1. Among the listed residues T231, T235, which satisfies the condition of being of a type outside the set (D, E), assigned by the TED database to the domain that holds K280, under 29 Å from the mean Cα position of the chain (by Cα) and surrounded by fewer than 16 Cβ atoms within 10 Å (Cβ to Cβ)?
2. Could you give every pair whose Cβ atoms fall below 9 Å, whose first residue belongs to the range 306-329 and is in contact (Cβ under 8 Å) with a residue 12 or more places away in the chain and part of a loop (DSSP other than H, G, I, E, B), and whose second residue is open to solvent by 20 Å² or more (accessible area, probe 1.4 Å) and among the hydrophobic types (A, V, I, L, M, F, W, C), counting only separations of at least 6 or pairs across chains?
3. Within the range 245-261, is even one residue modelled with pLDDT of 95 or more, open to solvent by 70 Å² or more (accessible area, probe 1.4 Å) and in a helix (DSSP H, G or I)?
4. Which count do you get for residues in the range 135-155 that are within 14 Å of I34 (Cβ to Cβ), modelled with pLDDT of 95 or more and open to solvent by less than 10 Å² (accessible area, probe 1.4 Å)?
5. Any residue at all in the range 328-347 that's over 17 Å from the mean Cα position of the chain (by Cα) and under 30 Å from D396 (Cβ atoms)?
6. Against the conditions (1) among the acidic types (D, E); (2) under 25 Å from V206 (Cα atoms); (3) without any contact (Cβ under 8 Å) to a residue 12 or more places away in the chain, where does E248 fall short? Just the number, please.
7. Which ones in the range 135-175 are within 16 Å of I306 (Cβ to Cβ) and part of a strand (DSSP E or B)?
8. Against the conditions (1) part of a helix (DSSP H, G or I); (2) open to solvent by 80 Å² or more (accessible area, probe 1.4 Å), where does P97 fall short? Just the number, please.
Amino acid sequence: MILNLSEQKLSIPEGTEDVLGLDMRYREHIINIIKEVYENYGFNPHKTPILEYLETFNGHHGEGEKLFFHIKDKNDKDLIARYDLTVPLARVASMYPDLPRPYKRYQIGPSFRDDEPGKSHFREFTQCDADIIGADSLLAEIDITVMAHELLTILGIKNFVLKINHRLLIQALALKVGLQSKEEHLGLQRALDYADKVSKDGLQGVKNKLIENNIPLNIANQILMEIECFTNLLTPFDDLQNQINQIEKFFDNCPSAAQAAADLKFIISYLPKNVQSNIKIDLTLARGADYYTGYILEGVAIDTEIGAILGGGRYNQLVSAVGNANEAGVGLAFGLERLLSVLKSLDYIDKNIELPSKILLADTNVEFHPKLFVIARELRKYYDVDIYYNQSPFGDIVHFAQQNKHQMIIELIGKRPLVHAVIENETMQSKVTDILNNLDCI
């Protein structure tokens with residue numbers, strides 16, 4: 001049956017978007033800034049397939065696995081549209097052991113989650129990852145934290161916080177309230193993450209999810225009390241090192257907490273003061289993926305409803321869980337769509353983007369100017385030149401140029417081209433005029 005498209009209402013799936021015209025230029029502008037910073041910190045680009053085998057992703061994302069897009073190929077193989085870029089990196093590390101270590105890569109590309117579409121949730125979204133495989137040293141955590149701070153600053157987000165925590169502190173909290181099994185620890189971790197990312201109900205959301213995860217009510221209440229005590233204990237201390245000293249006391253020198261505190265002390269001791277000023281230790285920060293093993297962080301733009309725009313941390317067992325190699329990993333990722341939403345709300349993009357110096361060449365003669373493409377070819381040695389192919393009233397041509405942010409229009413009419421400024425740029429206008437005056441064909 002051949003469908004008549006004229007009788008249908010065309011649409012795209014919820015949680016996806018078309019990116020057109022200037023919006024795509026804005027998007028590429030931000031991607032280029034992120035790439036430039038990643039390269040500056042020594043990361044190299046790589047690419048992995050959008051489709052992966054389901055078995056590669058199974059067992060690493062906890063409740064996130066409910067959001068997999070499942071695909072069955074013609075050979076009856078179970079595939080998924082990739083959920084993130086970190087698990088494929090772990091696969092790469094196992095498949096290509098001869099890659100130099102530490103292996104520092106960045107990847108910018110789409111991931112897919114069958115999520116409930118909303119203001120900050122997309123079913124197709126672009127992740128901007130930077131990861132390090134084969135580095136046990138906490139210097140890697142320091143580098144990615146400084147890099148995250150630099151990127152947020154460069155992008156003009158003045159009011160932001162970098163939340164940090166450690167998975168061993170969540171383990172210490174579980175032990176403190178009597179939760180012993182791995183399943184109970186995961187129940188606490190996932191409740192913290194769910195309340196932060198999904199329900200947005202704060203401690204009440206944590207309690208509700210704990211009970212849903214089979215944590216007894218009395219222990220759920222105790223967890224909330226411990227979190228409140230932890231927060232109140234840290235509040236009087238502005239200095240991060242003093243806050244960490246309080247953490248050690250709070251957990252009564254629990255081995256897990258002691259290790260976490262030692263890691264955090266080391267990391268913070270190397271962070272510049274301007275980075276420390278944006279750091280907040282947050283015991284409720286959990287991160288969703290099960291594979292994190294140590295330091296974790298999230299970047300949040302304050303005064304917006306978007307939530308986290310970057311996240312990451314240490315994952316020392318993911319590579320061995322995906323393949324055979326036993327290698328440490330640490331990294332971070334920006335969510336591009338969330339980041340763009342924040343930047344648009346702050347009016348950053350329109351104020352800061354530098355568009356190409358583009359010229360619109362328009363022929364308003366009754367018959368086309370015989371030297372149209374000669375003129376275009378000469379101007380393209382210096383500038384981007386667009387040709388307006390239709391013969392239209394000059395007002396329509398001006399409107400087209402304004403919509404596409406062309407800086408000037410060169411109107412071919414009569415014997416001499418006329419230069420019209422769309423965006424004032426005297427230097428460019430003078431140079432273009434000189435080029436035109438020196439053309440033999442005019």
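1. Numbers: T235 fails: under 29 Å from the mean Cα position of the chain (by Cα).
After ruling out the rest, the residue left standing is T231.
2. I306/V300; G307/V300; G323/M95
3. Yes, that holds for at least one residue.
4. Residues flagged as within 14 Å of I34 (Cβ to Cβ), modelled with pLDDT of 95 or more and open to solvent by less than 10 Å² (accessible area, probe 1.4 Å) within the range 135-155 amount to 5.
5. yes
6. (3)
7. F160, V161, L162, K163
8. All conditions are met except number (1).
The values are calculated or read from the model by the stated rules, or taken from the named source; none is laboratory data. This one's a predicted model, so the numbers in the text were calculated from it and none came from an experiment. Cβ: placed from backbone, ideal geometry, glycine included. Neighbour counts: every protein chain shown. Quick note on the areas: whole protein, heavy atoms, side chains included, nothing else; ligands and nucleic acids left out. Shrake-Rupley method; radii C 1.70, N 1.55, O 1.52, S 1.80 Å.
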